[in-house]
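Trainee: Please read through the structure below; I'll follow up with questions.
Laboratory data are not the source of any read-out in this text; all were calculated from the coordinates shown. Everything numeric in this text was worked out from a predicted model, so none of it was measured. Ideal geometry is used to build each Cβ from the backbone, glycine not excepted, and the neighbour counts take in all protein chains shown.
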Amino acid sequence: NADEIPVDILPANLKKSEHNLADVRNRIKKIPHDFKLCSSTSGLRRNFRNGETVGFKIRADKDCHIAVFCHQSDGSSMLLFPNHWCGNTFIRANTDVLIPPGKNKKFEIEVGPPFGSDVVQVIACTHKSALHDEMEQLVRGTAMSDYRCITRGLFSRAVDESVSAEDNSPEIAATAGKSQWSENHIIISTHR
């Protein structure tokens with residue numbers, strides 16, 4: 001049957017993966033989609049086995065600040081960007097950002113447990129929000145850590161506070177107008 005998904009593509013930990021996807025989808029609803037933001041895996045693959053490396057490419061059509069998270073099937077979230085190698089969240093419009101940077105062989109994202117469906121999410125804002133500032137502070141001064149594990153609670157609080165604060169910020173209204181937000185995500189499946 002053409003509608004059946006091949007068994008080797010089904011994610012590991014199917015129940016946890018389904019719960020993870022539903023949880024992230026509920027959080028995505030809070031973020032406006034005011035401008036174009038694209039994300040993909042570097043090789044456009046979506047299925048990865050234990051020990052393989054994966055990279056991501058991000059592109060926005062506006063100058064903005066981004067934060068990139070990997071929400072894993074076990075409920076944990078990893079902050080992929082900013083990171084030890086690039087602590088600044090600002091990116092230029094229409095410029096590809098590679099995570100990890102292609103020229104840095106010391107920073108690789110290697111697939112490992114927990115296996116399942118992971119949601120790699122990019123959150124962008126045209127002004128540096130509290131979310132982006134807080135993520136920069138998390139990686140500032142860390143000792144050679146490629147990326148940071150954060151709690152979903154920290155992630156949710158930072159998003160909620162940032163999106164609602166931007167709507168009411170007198171500093172932004174006085175200097176540059178209302179912030180624009182965007183979100184993009186991809187789902188990758190990881191296997192043993």
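Trainee: How large is ³J(HN,Hα) for each residue in segment 117-132, as worked out from phi by the Karplus curve 6.51 cos²θ - 1.76 cosθ + 1.60 (θ = phi - 60°), to whole Hz, x for Gly and Pro?
Mentor: 8, 10, 9, 9, 10, 10, 10, 10, 8, 6, 10, 5, 8, 4, 4, 5
Trainee: Evaluate the distance, in nm, between pseudo-label points positioned 7 Å from the Cα of R25 and of L98 along their respective Cα→Cβ axes.
Mentor: Each label point is offset 7 Å from its Cα along the Cβ direction, giving 3.4 nm.
Trainee: Can I ask one more? Could you pull out every residue, at least 5 positions away or on a different chain, whose amide H is within less than 5 Å of the one on S77? Hs are placed 1.01 Å off N in the peptide plane, and Pro or chain starts have none.
Mentor: Amide H neighbours of S77, under 5 Å, 5+ apart: Q72, I150, R152.
Trainee: A further question on this structure: If you take the charge dipole of segment 5-141 about its Cα centre, with +1 on Lys and Arg Cβ and -1 on Asp and Glu Cβ, which of F81, N20, F115 is farthest toward its positive end?
Mentor: F81
Trainee: Which entries in K106/K128; K62/K178; K62/K128; K128/K178; K36/K62 show an alpha-carbon gap greater than 18 Å?
Mentor: Long pairs (Cα-Cα over 18 Å): K106/K128.
Trainee: On to the next question. Please compute the modelled spin-label separation between L14 and N88, points set 7 Å along Cα→Cβ, answer in nm with one decimal.
Mentor: 4.7
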